[in-house]
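What follows draws every value from the coordinates through simple rules; no lab data is involved. Being a predicted model, the structure only gives us computed values, none of them experimental. Cβ atoms come from the backbone with ideal geometry, glycine included; neighbour counts cover every protein chain shown.
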Amino acid sequence: YYHAVGLTEKDDIVGACEHYLIALEIMEEDDLIKRHKDAKTQRRKVLKKQRNDEKALCDSDEDYEKIRFVSLIYTRLGRLFYNENSCDLAIIKYRKALKYVEIIDEVSFKADILEFLGNSYQLSSEPDSALYYYNESLRYNSALPNKLDVEKSIAQILFDKGDRDSAYLLIKNNLGKIENYNAKDSYSFILGEMYFVDKLYDSAICYLERSFNSQHYYTRLMSSRMLSVIYDSICNIDKKAYYDDIVSKLSIKSINKSVDTNKLQAVYDNYNKRKIERERAESKRNTIVLFVLFSVFVILAFIVIILITYRNKIRRNNLLDKLENQDNVINKINDDIRQRELEINEYSKMIEEKKGCIVKLEKELKEKEQEISD
């Protein structure tokens, strides 16, 4: 990361991008980041719960720094792509940075990223989106430095939309509040550009010559071009030639930057290719793990089914044995019942015979009684 910062200062944009992306790859592999993506409220609870645990608090601070660092890498990448006029890539990186900074809830850092998003949308000719993010940035940080920086861009949008009086008023009011030299150059350029568009050339020359001394490449190039046009219109050939020469030199640098931009895109494409390959490998590993787990589950389920079937079979056999034993008992009881019924029938016959004898004896008794009576 720090090597990339050094390369950026040396204008080695391609090398800087490559090292930023390497740093990002290293950080993205940290499971901690993945675990904390949706953990803004969870972090607060953890910190509150672990307030008395010094070691745990240190761990939470380490988590905070790692998440903040990833957001910083994305911010640096966004700025790098923005400086190369790759607005789409810049917006993607700034949105990533915003996603991470919202986890740690760092207001000032969030306001900066919102402003950077506004700048990217403004450069890509989407003024409404730019105004939204500028106002969001002011909502999170209304301190004077941020206010002056954001309102400078808002003034440009107001001017382009036709509200020129408000734009002039905003720039002039803020120009007197600025102490930073570089910021004054930027404000002078915007005010000079407004006067240039309105063809107020004397005022435009006054502010554009101030901004021409800026250390910022784009400000010097655009100031030189506008001054060349102005001096051509007022027939000042020497001044026009001077600024044309400056424009020519800066344009050569611009051509070299366009070559760097193509290389930059190639570096970013390689990073995306590696990222896709990593995601595919991760997806393949996850698929293998899921397949193994599913296979283990199927095997266990099969074993369980076999055990249940075997157990049911034993139970069924036991039940059949019990039923068979019960059938034998029932058959034995039935045999006993039949035997008893036979005995009862014999006894019944004997009783009938005895009854017949009793009737015969009763008859003989009556005859004897009759004889005695006679």
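Laid out as a table, the results:
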quantity: Residue tally, condition among the aliphatic types (A, V, I, L, M), crowded, with 21+ Cβ neighbours inside 10 Å and within 18 Å of Arg76 (Cα to Cα), over region 112-146; calculated: 3
quantity: Candidate set from region 122-176 (those that are part of a loop (DSSP other than H, G, I, E, B) and among the small types (Gly, Ala, Ser)); member that is farthest from the chain's Cα centre (by Cα); calculated: Gly176
quantity: Where a residue in region 140-169 is farther than 11 Å from Glu115 by Cβ and its partner, wherever it lies, is surrounded by fewer than 17 Cβ atoms within 10 Å (Cβ to Cβ) and of a type in the set (Gly, Ala, Ser), with Cβ under 9 Å and at least six apart; calculated: Ala143/Ser108; Ala155/Ser166; Leu158/Ser166; Phe159/Ser166
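Residue-wise test of (1) more than 37 Å from the chain's Cα centre (by Cα); (2) exposed (fewer than 14 other Cβ atoms within 10 Å of the Cβ).
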| residue | (1), (2) |
| --- | --- |
| Ser186 | no, no |
| Glu193 | yes, no |
| Lys199 | yes, yes |
| Cys206 | yes, no |
| Ser214 | yes, no |
| Lys240 | yes, no |
| Leu250 | yes, no |
| Tyr271 | no, no |
| Glu277 | no, yes |
